[in-house]
1. Near the amide H of Ala256, under 5 Å away, which other amide H atoms are found, from residues 5 or more places off or on another chain, if H is placed in the peptide plane?
2. Roughly how big is the stretch 295-409's charge dipole about its Cα centre, with Cβ charges of +1 (Lys, Arg) and -1 (Asp, Glu), in debye to the nearest 20?
3. Under unit Cβ charges (Lys, Arg +1; Asp, Glu -1), what dipole magnitude, rounded to 20 debye, does the chain have relative to its Cα centre?
4. Normalised by the residues of the stretch 5-118, what does the relative contact order come to in percent, with Cα pairs under 8 Å and at least six apart?
5. What is the distance, in nm, between label points placed 7 Å from the Cα along the Cα-to-Cβ direction at Ile160 and at Ala205?
6. Starting from 0.36 nm per residue, how many nanometres of slack lie between Lys127 and Lys148 once their C-alpha separation is accounted for?
7. Antiparallel DSSP bridges in the chain: what percent, to the nearest 5?
8. Within a Cβ distance under 12 Å of Tyr251, other residues only, what is the Lys/Arg minus Asp/Glu net charge?
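Just so you know, all these numbers are worked out from the coordinates, no wet-lab data involved. For clarity, every value in this text was computed on a predicted model and none was experimentally measured. Reconstructed Cβ throughout: ideal geometry from the backbone, glycine too, with neighbour counts over all protein chains shown.
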Amino acid sequence: MNELQLRFPEATELQSMQLPRQPDGEFDLTDLRTKMEQQLLGKRQAIQGYSAQALPLHFVGEILGASSFEAVLHLANDPKSIVRCAPEDQQQRVFAAMGLSAAAEIVLDLSAIATLFLCDAMDLLTKLNLPIIISQGCAEEIDRITGKTHDGSPRAGLRIGWQDEQMVGFEITEQQHAERDQHFAKQLEKVRAIAVIEPCRELSAMAEETKKPLIAIFGRYGTQAILLAKKPGRVLWSDDFVQSSIAIKEYGVRVAWTELVVANLESKGLLSRKDAVAAVTTMLGYRYEVVTITPAIFVESARRASFDKSVSPFSHALVPFINLRITENIFAIIGGIASETIREVADNKERAIVIRSLLETIAARRDGIRVLGLISRVFQGAQLPWRDEWAPIINDVMTSAAIDFINKVNP
């Protein structure tokens, strides 16, 4: 024990410290607290790096001492993080949709399983009517997550984490661990029941100098998923955009993500419009990027946030309008939202909030006043059933935006 950190510096599970005593004889925990704060802050900053640059989910999982499954859950429940699941490029999205439509088999990645768990959407697997394949590594991770591989050693104790910008400790009991295992097993066993576990001989045959960096980047489970999806007729279903990008560029794999699977099922009549909207809105609420926000999803996001534009998922549904290019497409999108609002929101006050929230978001752009003017002119010239309802709100928002602009120029 005395020489553990000298002999095995890479093993950080156990660390020793000399704690001085206070005048009253009690241990002085100042140094311990400082060290723990530094470690937690380092982990926190590393995880925040995921939101700023393209990093694989396995990177976050490694920091958490877990896998991409726990990484997805951690990022989705952190209000300052995102889950980067899909390409922004429309051509890539269309190509992926075509590949999914022609798929004969689906290789399910651990990140997608995490999304299905998070959104309580495991039934999507059966609706696909396609063989589902998971890697041996993925199956092993499921067993670990559900507690099947736990050796029975005590797991109760104090855990340290961040809450409201402060370091806090919280007690985890053995019963809580057991309940967690049962909760995860209830959902994840649905994957094991339908999926075929396939060994990945390609990874075993791969040269060590090629294999090692891949496992470091994506984990054994993620690397196996990529290699299994190389076979003709297969598609890799992953909600890790970095993993999908590498799979496409380096291995010629066709990929899909949960939002795309939902859209595919809806287009085939295998999933109702209501259920499809609910699933993607849930993902939007967890800050999945980049998802396509249809008018139906926009209005459902507002409803789930009780029509408060500062609350998720409505706040995230408004974000694209900050940077959306001004083309004819924007008028079609706004028109679609207007029609959906009239159709789905009966209360006049709530309907006005949806309209005003959208227009105020546009008004906050650098070119906001000009864009509002274009919207006003387009709508005035169109014979639309909701034109009279929108007109006074547009004028009011434009007036407020103009006053704000004048105040900034001449404070």
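1. Leu236, Trp237, Ser238
2. Magnitude of the dipole: close to 280 debye.
3. 1180
4. Normalised by residue count, the contact order of the stretch 5-118 is 16 percent.
5. Placing both labels 7 Å beyond Cα along the Cβ direction yields 4.8 nm.
6. Stretched fully, the Lys127-Lys148 segment lengthens by 4.8 nm.
7. DSSP beta bridges in the chain are roughly 35 percent antiparallel.
8. +3
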